Amino acid sequence: MYVLTPKQMREADGQAMQRIGNVALMRAAGERIADVAKRYARGSRIVAFAGPGNNGGDAFAALALLDTYDRVIYAQPAPNPSEARLDAETRAKAAGVDVRPFPDTETAARAAIADCGLIIAGLVGTGARLPLPGVYAPVIAAMNDSEIPVLAIDIPPGVDGESGMVIEPAVRADVTVTLAALKPGLLLSPGRSNCGELWLGAIGMPRDTLQARSREYRAMDDAEFLQLLPRRADMSDKRSAGAPLIIAGSEQFPGAAILSSMGAARAGAGYVTVATPQSAAATLRTHLIEQVVVTFDAGTPASEVVRDLLEVAKRCSSIGIGPGLALDDRMGEIVRGIVRQTELPVVADASALFHFAKNLDALRDKNIVLTPHEGEFARLSGKGTIKEGERVARLREFVDRTGVTTLLKGQATLVYDGSTVHINTTGTTALATAGTGDVLTGVIATLLSQGLSPVDAARAGAYWHGLAGKHAVSVRARGVIARDIYESLPAALPKPDIEERELLRIF
């Protein structure tokens with residue numbers, strides 16, 4: 001899916017207007033907004049608030065089509081209305097929309113929305129300067145304090161379209177309909193939380209106009225995920241179908257190795273090998289039936305363990321390393337030695353990140369993806385805790401400095417390889433439970449073993465992991481555990497959809 005910054009969106013809008021006209025674009029926008037409005041309206045009365053620009057024009061365009069509802073729009077005058085806005089206003093009035101002056105007090109705003117079933121916020125677009133003018137504060141306060149569904153057009157007012165920062169006053173929408181392309185601020189925290197449910201509406205903007213913009217950001221959809229997902233060849237055997245080596249676990253944390261191994265298996269690996277300390281092996285063998293468990297002894301010198309595991313790796317096609325491993329110096333030697341000497345693609349997580357934190361040189365020019373959460377990233381990057389709104393900048397700085405593809409976990413998981421920031425849209429609170437990151441390590445290890453590049457394995461793995469979380473919640477509304485996530489991977493695969501839809505639910 002296309003993800004455009006506010007500046008890129010303005011450029012694309014300008015080009016599209018020259019080719020197909022701004023009236024056609026706004027009419028299409030009105031259709032998409034009206035379609036979503038019908039899904040969320042709880043009653044027969046819809047109230048809209050319109051700013052003076054084209055975002056307000058979109059509100060008029062939507063109300064013009066909602067002719068089965070009682071509709072009122074409180075609009076600021078447009079000093080220099082575009083042709084599209086004039087068209088939308090004319091059509092709305094002809095369709096019976098009641099146009100009233102914009103309320104100037106919170107009391108008036110509360111009275112305006114009383115007894116309505118949906119509020120449409122068409123105040124400002126994605127490129128608005130923040131903070132918003134004070135005239136909007138009473139209306140926003142009334143919206144946020146009500147229990148009436150709020151639909152934001154293009155972006156919730158008060159959310160920065162590029163960074164996702166929220167500058168009060170800001171609308172907390174129940175649903176946002178963004179038009180033509182996604183914007184990073186809708187996908188990044190904390191702005192993502194202000195969006196509510198997010199829909200993308202096509203408005204007829206030519207594809208080449210969107211493609212002409214540089215790909216600073218990108219988001220995956222079901223179609224791209226299915227296109228990336230490796231398929232087994234007809235003549236596959238168990239190793240050519242994907243043979244990851246999972247180096248994980250310890251006497252204290254044997255479950256991490258089990259979860260990683262099962263994540264790899266459920267992601268489609270044909271042959272999963274698990275290397276674990278001897279002290280954890282009995283537990284793993286109790287739980288793992290189809291996977292092969294090999295061990296290394298606590299008393300064996302690190303160099304010998306590295307040699308032995310690299311010999312095992314000769315029969316494998318990727319390595320997943322880190323979940324549940326010990327944090328002592330000897331284990332650090334083992335982790336770094338394996339990564340330095342292997343030519344296989346690697347996904348490193350958890351304890352492995354601890355061991356690399358002060359040895360990032362070991363990762364230079366390696367075919368590897370790191371998968372830290374924010375706490376691990378703070379240590380790994382050497383630059384401390386990530387402040388709100390800094391995730392993209394901090395990730396870019398780290399990857400540009402180290403050359404290592406990195407997946408930064410979070411509500412909006414980010415993947416960056418030095419070229420494009422990939423923003424995952426399938427995140428869910430179901431993943432906020434112990435062990436789900438270990439499952440993700442296994443998934444990515446399998447995708448690497450099947451031939452995907454680190455960046456593609458990371459972004460496809462994150463997308464699938466999120467889908468599995470959502471599926472697990474649909475089966476078990478409360479109490480989802482990491483085991484549910486790997487068990488949900490097959491069922492969570494999206495069904496092929498060859499039709500391009502004018503409306504697409506993002507989250």
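Readers should treat all values here as calculations from the given coordinates under stated rules, not as data from a laboratory. Bear in mind the structure is a predicted one, so any value in this text is a computation, not a measurement. Note that we place each Cβ from the backbone using ideal geometry, even for glycine, and neighbour counts take in every protein chain shown.
Normalised by the residues of the chain, what does the relative contact order come to in percent, with Cα pairs under 8 Å and at least six apart?
Reported relative contact order: 14 percent.
Can you divide the C-alpha Rg of segment 108-247 by 2.2 N^0.38 Å and report the result to two decimal places?
Compared with the compact-globule rule of thumb, segment 108-247 sits at 1.44.
Give me the mean projected area, in nm² to one decimal, of the convex hull enclosing the Cα positions of the chain.
Approximately 24.5 nm², given one-decimal rounding.
Looking only at segment 2-213, where both bridge partners belong to it, what percent of the DSSP beta bridges are antiparallel (to the nearest 5)?
Antiparallel bridges: around 5 percent, rounded to the nearest 5.
Based on the inverse mean of 1/r over its pairs of different Cα atoms, what is the Kirkwood hydrodynamic radius of segment 339-480, in Å?
15.3
Which one, Ala62, Thr428, Val177, projects farthest toward the positive side of the charge dipole computed for the chain from Cβ point charges (K/R +1, D/E -1)?
Towards the positive end, the residue furthest out is Thr428.
Between Ile167, Ala88, Gly191, whose Cα lies farthest towards the positive end of the dipole of segment 2-213 when Lys and Arg beta carbons carry +1 and Asp and Glu beta carbons carry -1, centred on the Cα centre?
The residue sitting farthest along the positive end of the dipole is Ala88.
Mind putting a number on the dipole of the chain about its Cα centre? Charges go on the C-beta only, +1 for Lys and Arg and -1 for Asp and Glu, and I need it in Debye to the nearest 20.
Roughly 260 debye for the chain.
Could you tell me the center-to-center distance, by alpha carbons, between segment 365-386 and segment 143-198 in angstrom?
Taking the Cα centre of each part, segment 365-386 and segment 143-198 sit 29 Å apart.
In which sequence would His471, His465, His373 go, from the one with the fewest C-beta neighbours within 10 Å to the one with the most?
Least crowded to most crowded, the residues run His373, His471, His465.
Determine how many Å³ per residue the convex hull of the Cα atoms of segment 452-507 encloses.
It comes to 118 Å³ per residue, whole-number rounded.
Looking at the chain, what % of its DSSP beta bridges pair antiparallel, to the nearest 5?
DSSP beta bridges in the chain are roughly 20 percent antiparallel.
For segment 223-495, give the magnitude of the charge dipole about the Cα centre (Cβ charges: +1 Lys/Arg, -1 Asp/Glu; no others), in debye to the nearest 20.
Here segment 223-495 has a charge dipole of around 500 debye.
Please work out the ratio of the alpha-carbon Rg of segment 272-343 to 2.2 N^0.38 Å and round it to two decimals.
After normalising by residue count via 2.2 N^0.38 Å, the value is 1.06.
Classify segment 31-108 as rounded, prolate or oblate, taking a ≥ b ≥ c as the square roots of the eigenvalues of its Cα gyration tensor: rounded when a/c is under 1.5, otherwise prolate if a/b is larger than b/c and oblate if not.
It is oblate, given that a/c is not under 1.5 and a/b is not larger than b/c.
Report the charge-dipole magnitude of segment 2-213 in Debye, nearest 20, computed about the Cα centre from +1 at each Lys and Arg Cβ and -1 at each Asp and Glu Cβ.
360
Between segment 252-270 and segment 444-470, what is the C-alpha centre distance in whole Å?
After rounding, the separation between the Cα centres reads 14 Å.
Which of the three applies to segment 53-162, rounded, prolate or oblate, going by the alpha-carbon gyration tensor with a ≥ b ≥ c and a/c under 1.5 meaning rounded?
oblate
Of Gly382, Ser488, Asn359, which is farthest towards the positive pole of segment 223-495's charge dipole, taken about the Cα centre with +1 and -1 on the beta-carbons of Lys, Arg and Asp, Glu respectively?
Ser488
What is the diffusion coefficient of segment 2-213 in µm²/s, taking the Kirkwood radius over Cα pairs and the Stokes-Einstein relation at 10 °C with a viscosity of 1.306 mPa s?
95
Between 0 and 90 degrees, rounded to the nearest ten: what's the tilt of helix 302-313 against the longest Cα principal axis of the chain?
Here the helix axis deviates by roughly 70 degrees.
Before rounding to the nearest 500, sum -39500 (n - 2.57) across all DSSP H runs of length at least 4 in the chain and divide by the residue total; then give [θ] at 222 nm in deg cm²/dmol.
Per the formula, -13000 deg cm²/dmol.
Against the longest alpha carbon principal axis of the chain, how many degrees, from 0 to 90 and to the nearest 10, is the axis of helix 83-94 turned?
Computed tilt is about 60 degrees.
What residues of segment 61-100 lie in the reach of a label at Ala24, counting those whose backbone N is under 17 Å from a point 7 Å from the Cα along Cα→Cβ?
Under cut-off, by backbone N: 83-85, 87-88.
Report D for segment 223-495 in µm² per second (integer): Stokes-Einstein, Kirkwood Rh on Cα pairs, 37 °C, 0.692 mPa s.
180
Test of understanding: what is the full-extension gain from Ala282 to Ser236, defined as 0.36 nm times their sequence separation minus their Cα-Cα distance?
Stretched out fully, the Ala282 to Ser236 stretch lengthens by 13.4 nm.
Quick query: amide H of His373 versus all other amide H atoms, modeled in the peptide plane; which residues come in under 5 Å with a sequence gap of 5 or more or a different chain?
Hits under the 5 Å cutoff: Lys409.
How far is helix 391-402 tilted off the main Cα axis of the chain, in degrees rounded to 10, range 0 to 90?
The angle comes out near 40 degrees.
At 10 °C and 1.306 mPa s, grab the translational diffusion coefficient of segment 1-74 from Stokes-Einstein with a Kirkwood Rh over Cα pairs, rounded to a whole number in µm² per second.
After rounding, the answer is 118 µm²/s.
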